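Values in this text are rule-based calculations from the coordinates and carry no lab data. Keep in mind the model is a prediction, meaning the values are calculated, not measured. We place every Cβ from the backbone using ideal geometry, glycine too, and count neighbours over all the protein chains shown.
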Amino acid sequence: MKKIRVLLTLLLALIGQQAGAQFYLNGEDPGGLRWRSIETPTYRLIYPEGIDSLAREYARIMEMTAPAVGRSAGVRPGGWQWGGKTAVILHNQLAVSNATVVWAPKRLEIYTNLQAYEVDPLPWITNLALHEQRHISQMQMGYKGVHR
């Protein structure tokens, strides 16, 4: 019986060595980056030094479109009942172009690299800002009604 347990443990350890998965590694930015922030009425954007104009553009688009997203989704994104702002962290050091809403939904991580081939008529920044605000609104619905 003891030999079977040892063999099973070794087998599972070897299988785990070969397993792979798709995942994002947040926090992989170089340690020497200096971070800055912009405060808007709804969001606090945190970004690496040097992309100030990109951060201002994200802040402008997100503030401009938040009311419309809120009307269509039922909850204004970032409109917390208990105060506070949704943190938006801009990453420009990764080779991906996407975003993720984490810490349901108090933080939004945006990977700012542009898509190489974009078929949408909207600019990538506008498309990404709208799409991710929709996710924030959807997650905020979990803090209402029976789901609370």
Subject >> region 48-101: radius of gyration over Cα atoms, expressed as a fraction of 2.2 N^0.38 Å >> reply: 1.31
Subject >> T65 versus K85: modelled label distance in nm, points set 7 Å from Cα along the beta carbon direction >> reply: 1.9 nm
Original post:
If each of L14 and R36 carries a label point 7 Å out from its Cα toward its Cβ, how far apart are those two points in nm?
Top reply: 5.5 nm
